[in-house]
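A.B. asks: Take this structure, written in structure tokens, and hold onto it; I'll ask about it next.
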Amino acid sequence: AIPVGAPEAVHHGDVLRIGDSGGQVYATHGSGIGAQLLAARALADALASDEGSVGYERRFQRLIGRELARSAVFAKFSRGLTPSDLARMIDAGWLSPTTVVPALEQRPLSLSAGLVRVAFGALLRDPATAIRVLPVLARMALTS
């Protein structure tokens, strides 16, 4: 099973976790290839720099830990959505190329003028969904 929660600590005693065993997966879609390549690089760099497991943890969290944690927040929310909820979110623009493509490309969703326009338009078209989505977006923004 692919872990679709928040990433776990990458070190536990003398054991360093990488990949699925460390929860290094975008929970929104279950892919970890990009995240796991970054984790492997963080591990290699930390070991080469004699930083050990603490260095690996620090490097991994800086590279992608926050994005994976944010993805887990949205995944938890999305598991409760019905097909009609999803249809409304698509129709209103909450789920659009502007908001979905970065996740599929394993890139962070950055605050931009385009994103603000999409969110504002979705808010106006579907305020009922906004009541459910905005707290999730706030939790994602506050996730560290």
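A.B. asks: Of the numbered conditions (1) under 20 Å from the mean Cα position of the chain (by Cα); (2) over 28 Å from LEU95 (Cβ atoms), LEU37 fails exactly one; give the number of that condition.
C.D. replies: (2)
A.B. asks: Next up: Find the helices (runs of 4 or more DSSP H) located wholly in the range 11-114 whose residues include 2 or more that are open to solvent by 30 Å² or more (accessible area, probe 1.4 Å) and without any contact (Cβ under 8 Å) to a residue 24 or more places away in the chain, and list them.
C.D. replies: Values: elements: 33-48, 52-60, 66-78, 83-92, 97-104.
Result: 33-48, 52-60, 83-92, 97-104.
A.B. asks: Go over the candidates ALA122, ALA130 one by one and state the one that is in contact with a Phe, Trp or Tyr (Cβ under 6 Å, 6 or more places away or on another chain) and at negative phi.
C.D. replies: Details: ALA130 fails: in contact with a Phe, Trp or Tyr (Cβ under 6 Å, 6 or more places away or on another chain).
Every option except ALA122 fails the conditions.
A.B. asks: Looking at SER84, is it among the polar types (S, T, N, Q), on the phi < 0 side of the Ramachandran plot and in contact with a helix residue (DSSP H, G or I) (Cβ under 9 Å, 6 or more places away or on another chain)?
C.D. replies: On the way: among the polar types (S, T, N, Q): yes; on the phi < 0 side of the Ramachandran plot: yes; in contact with a helix residue (DSSP H, G or I) (Cβ under 9 Å, 6 or more places away or on another chain): no.
Criteria not met by SER84.
A.B. asks: Test ASP126 against the criterion of being over 20 Å from ALA6 (Cα atoms), modelled with pLDDT of 85 or more, surrounded by 15 or more Cβ atoms within 10 Å (Cβ to Cβ) and in contact with a Lys or Arg (Cβ under 9 Å, 6 or more places away or on another chain), and give yes or no. First the steps, then the outcome.
C.D. replies: Working: over 20 Å from ALA6 (Cα atoms): yes; modelled with pLDDT of 85 or more: yes; surrounded by 15 or more Cβ atoms within 10 Å (Cβ to Cβ): yes; in contact with a Lys or Arg (Cβ under 9 Å, 6 or more places away or on another chain): yes.
So ASP126 fits the description; yes.
The values are calculated or read from the model by the stated rules, or taken from the named source; none is laboratory data. Since the structure is predicted, the reported quantities are computational estimates derived from the model, not experimental observations. When we count neighbours, we look across all protein chains shown, and the Cβ atoms used for this are built from the backbone with ideal geometry, even at glycine. Ligands, DNA and RNA are stripped out before the accessible areas are found, and what is left, the full protein with its side chains, is counted by its heavy atoms. Shrake-Rupley method; radii C 1.70, N 1.55, O 1.52, S 1.80 Å.
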